[in-house]
1. Where the second residue is modelled with pLDDT under 95 and surrounded by fewer than 16 Cβ atoms within 10 Å (Cβ to Cβ) and the first is among the hydroxyl-bearing types (S, T, Y) and in a loop (DSSP other than H, G, I, E, B) and lies in region 411-433, which pairs have Cβ atoms under 9 Å and are six or more apart or on separate chains?
2. Need at least 3 residues that are over 30 Å from T243 (Cβ atoms) and aliphatic (A, V, I, L, M) per element, so show me which helices (runs of 4 or more DSSP H) inside region 434-544 make the cut, counting only ones lying wholly within it.
3. For the condition in contact with a Lys or Arg (Cβ under 8 Å, 6 or more places away or on another chain), more than 30 Å from D270 (Cβ to Cβ) and not in a strand (DSSP E or B), what is the one hit in V573, V579?
4. Buried (at least 16 other Cβ atoms within 10 Å of the Cβ), within 25 Å of L131 (Cβ to Cβ) and of a type outside the set (A, V, I, L, M, F, W, C): is that true of S471 in this structure?
5. In region 261-334, which strands (runs of 3 or more DSSP E) lie fully inside it and hold 1 or more residues that are out of contact with any His (no Cβ under 8 Å at 6 or more places or on another chain) and closer than 29 Å to K365 by Cα?
6. Does R495 meet the test of being of a type in the set (K, R), within 30 Å of S600 (Cβ to Cβ) and more than 36 Å from the chain's Cα centre (by Cα)?
7. Which members of region 591-631 meet the condition of being under 25 Å from P340 (Cα atoms) and assigned to a loop (DSSP other than H, G, I, E, B)?
8. Please specify each residue of region 372-410 satisfying the condition of being part of a loop (DSSP other than H, G, I, E, B), modelled with pLDDT of 90 or more and under 33 Å from the mean Cα position of the chain (by Cα).
Amino acid sequence: MKKPTYQQRLQYWFDNFMSRGTPAMLFGLFIISALIIFVAAALVKLTGTAPNGESFFTVAWMGLLRTLDSGTMGGDTGSPFFLFMMLVVTFGGVFVVSALIGILNNGLEDKLEELRKGRSMVLENDHTLILGWNPQIFNIISELVTANESRKSGAVIVVLADQDKVEMEDAIRERISDSKNTKIICRSGSPLDLTDLEIAGPHSARSIIVLPEGSDPDTHVIKSVLAITNNPKRRETPYHIVTQIREPKNLEVVKMVGTRDVVQPILTNDLIARVVAQTSRQSGLSLVYTELMNFGGDEIYFRQEPSLSGKTFGEALFAYETCSVMGIRKADGTIAMNPPMDTRIEPGDQIFALAEDDNKMLLSKQTRLSLDESLIQHTEKVTRARPEKALLLGWNRSGATIIRELDHYVAKGSQVTVVSDIYNLDKQIKLANGKLANQKLTVLEGDIRDRDLLESLNAQDYDHVIVLAYSHLEQQEADAITLVTLLHLRDMAERDETPFSIVSEMLDLRNRELAEAANVDDFIVSEHLISLMMAQLSENAELMDVFTDIFDPEGSEIYLKPMADYVCPGQPVDFYTVVEAARRRGETALGYRIMSESHSAEKGYGVRTNPGKSEKVSFAPEDKIIVIAEE
């Protein structure tokens, strides 16, 4: 092999030196400047041309001043050689200063570009970490900002996603103009990459939210959870991870990869199906669910009250003036929502209740309750359920679950009609659900956007109309079909005097905003509710069992029932008396709905959750009571 020349070696050394970046180049300029100054000073001293016999260091100082400011040599006097050397030093200074400005400018640009890339390490503690990016992130951040308002020291949200840092910050700022006392930090990187993950400080986060992304969101979620729980640098204490899964078969996989940690996956398709089934049947229930999930109004809090030990759950219902007790969390962690009224509260048990804030959970000072017995309906009269007609337009994997859920709630003799362009759908439904107990199933084939088809179905004659998004289509195409169908149904509802509820499903949260209507009976179901739940769970992992119980068809659920079955209408009655009327039926009262306000958005469509128990209200016969009951 030919031996490299001296020039090649020098060139190789120079290339390596310059590749070290701005610090190396600044050091090189310093060496060049020092050589020019000291060589010039040495030559001046050796030739004896220094003016007034100045010392070597004085001449070097003069050279340094001329290097930094070329105008300094304007007043020089002395021998021609001295003047020539000062000119050389000045020309060298011009070169050095010009190069220095260029290097500093490039270095600053490189640093700004690095900051733009969002690759610097996050040094926060006790922050909420969001991994991934999809339209849900804006609702989640908005809810967390509201939740953090009560934190005096402020809070931090860190977002790590495979997106441009500046674009993420601009998008968040556009959707959430006021972050109040919450600082939002964005970093660019893949949640699946262990090196990128370290940037976001996962080991010091108090909770981690993993958002689904890509064509196979469940796989993305599983890998992201693995990157956290199996990280070689993981912390000893358990992580609190909140995420969502679409396929039931992947639910146990997520739990398995986080056996050492608190991993809370939400089964989205199943939850949305249950919400569709329940909200389609009960006008106003969607508002109650939203109230339970968001941080804007009343939330669910846990409280251990030693003074309630030994008392029954029925007695605890009256313990708070401004809180609505919902159930008991036993000392072993099990949740009992609306347990039998004679259930004893034991030491170590906690009650959970709907309250404006945790510091508002104060025991009532009333020792004796003045219940108005004359207003309580003592008969066992219950408004008998009648058969219902449901129309289900469109189809996706949630359809079979919705039909099954409806069959649990409706009276015998009810009907459900499914209209879709899916081939052989009737066999698919029967295979998934078997024989229905309370409903007669009819399956028709057709285009749900066809106005003539909707008119021929007499959609206005159904009690509930449900529009499902076609999940086998591209997201925007599926939502476009839903929007067109929804516009036809709304037009038909406005022309018909017989009211019917419309529940539709949107795949993209942005399309949900386009389709929003000013009518509580026209409810858009999407992953918005999932976003609210994820934000709640990230703040309080204990709520998972409560939410599971609320949406589980087994046991107690939330119902809106005729108020006339509980108290006499037309006379002022306080909520203590309403709570007592529900207690005698083994039910827990959470609020009521004034039907005369059901179309007023300013008045919350008449829904009042967790009202003050001393406030008196005159209820009309059509008004509803919101209760937790078994049926």
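The values are calculated or read from the model by the stated rules, or taken from the named source; none is laboratory data. Everything quoted here is computed from the prediction, not taken from an experiment. In this analysis, Cβ positions are derived from the backbone assuming ideal geometry, glycine residues included, and neighbour counts consider all displayed protein chains.
1. Y423/E445
2. 451-457, 475-495
3. Result: V579 is the single residue among V573, V579 that is in contact with a Lys or Arg (Cβ under 8 Å, 6 or more places away or on another chain), more than 30 Å from D270 (Cβ to Cβ) and not in a strand (DSSP E or B).
4. Yes; evaluated as a whole, the condition is true for this residue.
5. Of the strands (runs of 3 or more DSSP E) lying wholly inside region 261-334, those with at least 1 residues that are out of contact with any His (no Cβ under 8 Å at 6 or more places or on another chain) and closer than 29 Å to K365 by Cα span 299-303, 324-329.
6. Criteria met by R495.
7. Listed by number, the residues that qualify are N610, P611, G612, K613, S614, E630, E631.
8. G394, W395
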